[in-house]
Amino acid sequence: MTPSHIARRTPRGIALCIGIGLLAGLLSGLFGVGGGTVVVPLLVLLLGFDQRLAAGTSLAAIVPTAAVGVISYGLNDAVAWIPALLLAVGAVGGAQIGTWLLPKVSQTILRWIFVGFLVIVIVSLFVVIPSRDAQLELMWGNGIALVVLGLATGTVSGLIGVGGGIIVVPALMMVFGTSDLVAKGTSLLMMIPAAISGTIGNLRRGNVDLVAAASVGLAACTTTALGAWLATVVDPFAGNVLFAIFLVFIGAQMAVKAVRARRTR
């Protein structure tokens, strides 16, 4: 075992995983994301995971978290089931592509990809105008588009360890005209098969810490329902602003780590 691996098995390491999971679950329910935007950078920054292992572990932890979120949104009739299945069809294949690419890309490049990804998400939070009344009308054309969106989302999910919600939620609102709550619930349902597919690929390549994933995922399950409830009572724009502030902090930390890693070469 490496020193960082041993550190992750200490009471402090497990406690940190649980804390990361509690925060990730809250944000997962609140914003309809899998929590990878929280889990990946915090595993790297707090527990010394390399970028690949953090991505794979995060993806595994997303499965139980998303399942609890789907139940919470489903109880509020905020899940578009057929569009979610169409997204999942593309996402399952895309996740395999992403996990295949993961060991072929350097950790520094992965860090910068993640930072760039966060920038796109932050911008999208202010481009999207949240609505509680919009509906998704399913037709042949946008059905195919949903599968393509799922494929792209699954690839990104497998590559950087996010569930894909931070792509799907803005896309469903901006491109498909879906309400913000339905976009979040649908996104969480799509994540489950995509995360399972990606995790299978990562397990084959040794890119998952199952103990950490279980600690993060089970802890996240305890706060996801709370986050989903908050999503129904918090003003959508105010929620986007708070999430953007958090992502700026995370992105800055990851950028600093990437710069330092390059200087030490």
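The values are calculated or read from the model by the stated rules, or taken from the named source; none is laboratory data. All of these numbers come straight from a predicted model, not from anything done at the bench. Cβ atoms come from the backbone with ideal geometry, glycine included; neighbour counts cover every protein chain shown.
Annotation note: of Val216, Val211, Val162, Val248, the sole residue that is outside any helix (DSSP H, G or I) and closer than 21 Å to Gly19 by Cα is Val162. In the set (1) hydroxyl-bearing (Ser, Thr, Tyr); (2) part of a helix (DSSP H, G or I); (3) surrounded by 22 or more Cβ atoms within 10 Å (Cβ to Cβ), the condition left unmet by Thr222 is number (3). Being of a type in the set (Gly, Ala, Ser), part of a helix (DSSP H, G or I) and either crowded, with 24+ Cβ neighbours inside 10 Å or out of contact with any helix residue (DSSP H, G or I) (no Cβ under 6 Å at 6 or more places or on another chain) (or both) is a property that Gly206 lacks. The condition (being out of contact with any strand residue (DSSP E or B) (no Cβ under 7 Å at 6 or more places or on another chain) and closer than 12 Å to Gly36 by Cβ) is satisfied by just one residue among Gly206, Gly198: Gly198. Taken over segment 160-204, the residue count meeting the criterion of being charged (D, E, K, R) and at pLDDT 85 or above is 2. Please work out if Gly206 is within 30 Å of Ser106 (Cβ to Cβ), out of contact with any Phe, Trp or Tyr (no Cβ under 7 Å at 6 or more places or on another chain) and free of Cβ contacts under 8 Å to residues at least 40 places away in the same chain. For Gly206, the condition - within 30 Å of Ser106 (Cβ to Cβ), out of contact with any Phe, Trp or Tyr (no Cβ under 7 Å at 6 or more places or on another chain) and free of Cβ contacts under 8 Å to residues at least 40 places away in the same chain - is met. Scanning segment 73-90 for residues that are assigned to a helix (DSSP H, G or I) and either at pLDDT below 90 or not small (Gly, Ala, Ser) (or both) yields Tyr73, Leu75, Trp81, Ile82, Pro83, Leu85, Leu86, Leu87, Val89.
Each residue in segment 45-57 was checked for being of a type in the set (A, V, I, L, M, F, W, C), assigned to a helix (DSSP H, G or I) and surrounded by 24 or more Cβ atoms within 10 Å (Cβ to Cβ), and 3 pass.
Taken as a whole, the condition of being over 30 Å from Arg260 (Cβ atoms) and more than 17 Å from the chain's Cα centre (by Cα) applies to Leu85.
The sole residue among Ser197, Ser187 that is buried (at least 24 other Cβ atoms within 10 Å of the Cβ), within 17 Å of Val63 (Cα to Cα) and of a type in the set (S, T, N, Q) is Ser187. Contact map, segment 159-186: first residue closer than 19 Å to Leu138 by Cα, second residue basic (Lys, Arg) and assigned to a loop (DSSP other than H, G, I, E, B), Cβ cut-off under 9 Å, separation 6 or more or different chains; pairs are Ser179/Arg132; Asp180/Arg132; Leu181/Arg132. Residues that are farther than 22 Å from Phe237 by Cα, modelled with pLDDT under 80 and either of a type in the set (D, E, K, R) or touching a Phe, Trp or Tyr at 6+ places or on another chain (Cβ under 8 Å) (or both) occur in segment 9-30; there is at least one.
Against the definition (over 23 Å from Ile122 (Cα atoms), in a helix (DSSP H, G or I) and out of contact with any Leu (no Cβ under 7 Å at 6 or more places or on another chain)), how does Leu181 come out, yes or no? Spelling it out, it is not the case that Leu181 is over 23 Å from Ile122 (Cα atoms), in a helix (DSSP H, G or I) and out of contact with any Leu (no Cβ under 7 Å at 6 or more places or on another chain). Scanning segment 18-34 for residues that are of a type in the set (Gly, Ala, Ser) and part of a helix (DSSP H, G or I) yields Gly19, Gly21, Ala24, Gly25, Ser28, Gly29.
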